[in-house]
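A.B. asks: I have a structure here, written as structure tokens, and I will follow up with some questions on it.
The values are calculated or read from the model by the stated rules, or taken from the named source; none is laboratory data. These figures come from a predicted structure and were not determined experimentally. As a convention, Cβ positions derive from the backbone with ideal geometry for all residues, glycine included, and neighbour counts pool all protein chains shown.
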Amino acid sequence: MVDFLKKKSVKVLVTGAAGFIGYYVCKLLAANNIDVVGVDNINDYYDVNLKYARLEELGITRGEVINNVLLKSKKYHCFDFLKMDIVNYESLKEVFCEKKIDQVIHLAAQAGVRYSIDNPHAYVQSNLVGFVNVLECCRHNDVKHLVYASSSSVYGNNKQIPFFEDDRVDYPISIYAATKKSNELLAHTYSHLYNLSTTGLRFFTVYGPWGRPDMAPILFANAITNNEPIKVFNYGDMERDFTYVEDIVEGILKVLNHPPKENSQNRPFYDILNIGNSFPVKLIEFIEELEKSIGVAAILKKYPMQPGDVKVTYADTTRLHQLTGYSPQTSLKVGLDNFVKWYKDYFKVI
């Protein structure tokens with residue numbers, strides 16, 4: 001069990017609670033009797049039915065979800081949910097004041113690299129305005145630690161592999177990456193000005209049951225099960241640091257229990273950490289393992305590199321391990337077997 005879960009008197013706010021990672025965070029906290037308030041605007045970037053299905057797993061009935069109405073979970077006595085947009089500063093302030101939030105795990109964001117090229121305003125609102133609102137609420141309510149989602153995309157086309165936290169990240173190649181780099185800069189400023197402990201987690205490719213339908217595992221599984229070609233970009237010459245979602249969530253909660261202090265890394269109250277598997281997998285190998293789990297061969301259709309994509313992402317997680325003992329345990333085979341079992345059940349695939 002993560003050490004943090006032994007502390008029973010903490011109240012945690014999780015933004016993006018109906019999202020992929022947010023769902024798992026809320027579930028683990030609530031299952032261990034930690035008071036948690038989840039918020040999510042349930043936008044339609046991808047199928048809202050999947051988001052509501054995650055909430056149902058957390059004990060929140062879809063028919064009861066109304067904007068700005070706090071709901072009690074029917075499954076976990078210590079989980080509350082509120083449909084709310086973090087861009088709405090006044091509503092967010094009310095949550096912090098009324099629920100007496102101690103710590104925050106901020107996962108709400110407009111996701112997707114390619115989507116950001118066509119819809120930049122959505123990213124500015126959610127990822128910048130929304131993040132400033134969270135920072136303001138944290139500093140005005142004596143929050144002890146803000147852990148927020150950054151992204152491996154901030155490394156851009158860095159040539160040095162693996163990626164280290166101290167690498168220069170001044171040249172993002174997508175609007176999404178630029179907003180995540182901006183989050184890190186804003187967090188540093190708030191840590192410097194207000195002694196607010198902030199930790200940004202640079203997520204690498206996360207996969208597993210309940211994942212987003214716009215991400216590779218579900219896109220590939222859909223194609224394989226429907227006998228359709230898989231779009232393989234950069235002609236298959238891509239590598240990703242695939243990390244199983246439950247390993248990621250355990251890492252998040254370990255980090256939450258380690259707020260940066262005044263003298264850490266010579267940047268008071270501020271830290272940035274990679275969180276991934278530290279083991280890059282070729283995209284073709286990932287597809288081959290997925291084929292085995294599904295039991296059907298894939299049809300491949302290869303394309304050139306897409307704007308905003310990077311060829312290789314690979315995390316060095318030494319600092320995270322030294323700080324928390326974080327060490328992912330789930331093999332790609334086990335992770336994909338778990339994913340495929342969920343996929344077939346959720347999508348009614350025979």
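A.B. asks: If only one of 75, 27 is over 29 Å from residue 123 (Cβ atoms) and not polar (S, T, N, Q), which one is it?
C.D. replies: Testing whether each residue is over 29 Å from residue 123 (Cβ atoms) and not polar (S, T, N, Q) leaves just 75.
A.B. asks: Within region 64-80, does at least one residue satisfy the condition of being among the aromatic types (Phe, Trp, Tyr) and under 14 Å from residue 37 (Cα atoms)?
C.D. replies: yes
A.B. asks: Of the conditions (1) surrounded by fewer than 17 Cβ atoms within 10 Å (Cβ to Cβ); (2) assigned to a strand (DSSP E or B), residue 322 fails just one. Which one is it?
C.D. replies: (2)
A.B. asks: Take residues that are touching a His at 6+ places or on another chain (Cβ under 7 Å), under 25 Å from residue 26 (Cα atoms) and among the hydroxyl-bearing types (Ser, Thr, Tyr) and tell me which of the strands (runs of 3 or more DSSP E) falling wholly in region 216-314 contain 1 or more.
C.D. replies: Hits in region 216-314: 270-275.
A.B. asks: Sort through 245, 232 and tell me the only one that's of a type outside the set (Gly, Ala, Ser), surrounded by 18 or more Cβ atoms within 10 Å (Cβ to Cβ) and within 25 Å of residue 49 (Cα to Cα).
C.D. replies: Working: 232 fails: within 25 Å of residue 49 (Cα to Cα).
Just a single option satisfies the conditions, and that option is 245.
A.B. asks: Testing residue 309 on (1) in contact with a strand residue (DSSP E or B) (Cβ under 8 Å, 6 or more places away or on another chain); (2) farther than 21 Å from residue 22 by Cα, one condition comes back false. Which one is that?
C.D. replies: Answer for residue 309: the failing condition is (1).
A.B. asks: Quick check: is even one residue across region 140-159 farther than 30 Å from residue 9 by Cα and without any contact (Cβ under 8 Å) to a residue 12 or more places away in the chain?
C.D. replies: Yes, the conditions are met somewhere in region 140-159.
A.B. asks: May I pose another question? Within region 223-233, which residues are of a type outside the set (Gly, Ala, Ser), under 20 Å from residue 338 (Cα atoms) and touching a strand residue (DSSP E or B) at 6+ places or on another chain (Cβ under 9 Å)?
C.D. replies: 224
A.B. asks: Mind checking which pairs have a first residue in region 272-289 that is modelled with pLDDT of 90 or more and a second that is outside any helix (DSSP H, G or I) and of a type in the set (Gly, Ala, Ser), Cβ under 6 Å, 6 or more apart or different chains?
C.D. replies: Listed pairs, sorted by first residue: 272/200; 274/315; 276/315; 287/298.
A.B. asks: Moving on to the next point. Which residues, taken from region 327-350, are touching a Lys or Arg at 6+ places or on another chain (Cβ under 9 Å) and modelled with pLDDT under 95?
C.D. replies: Result: 350, single match.
A.B. asks: If you don't mind, there's one more thing I want to ask. Taking residue 222 and the conditions (1) at pLDDT 95 or above; (2) over 30 Å from residue 269 (Cα atoms); (3) within 20 Å of the chain's Cα centre (by Cα); (4) not basic (Lys, Arg), which numbered condition does it fall short on, given that it satisfies the others?
C.D. replies: (3)
A.B. asks: Select, from 31, 18, the only residue that is modelled with pLDDT of 95 or more, surrounded by fewer than 23 Cβ atoms within 10 Å (Cβ to Cβ) and either at negative phi or not basic (Lys, Arg) (or both).
C.D. replies: When all the criteria are applied, what remains is 31.
A.B. asks: Just wondering, is there one or more residues in region 59-80 that are closer than 20 Å to residue 142 by Cβ, in contact (Cβ under 8 Å) with a residue 40 or more places away in the chain and in a loop (DSSP other than H, G, I, E, B)?
C.D. replies: So far as region 59-80 goes, no, none of its residues is closer than 20 Å to residue 142 by Cβ, in contact (Cβ under 8 Å) with a residue 40 or more places away in the chain and in a loop (DSSP other than H, G, I, E, B).
A.B. asks: Being among the aliphatic types (A, V, I, L, M), buried (at least 21 other Cβ atoms within 10 Å of the Cβ) and without any contact (Cβ under 8 Å) to a residue 60 or more places away in the chain narrows it down to one of 95, 36, 12, 87, so name that one.
C.D. replies: Result of the check over 95, 36, 12, 87: 36.
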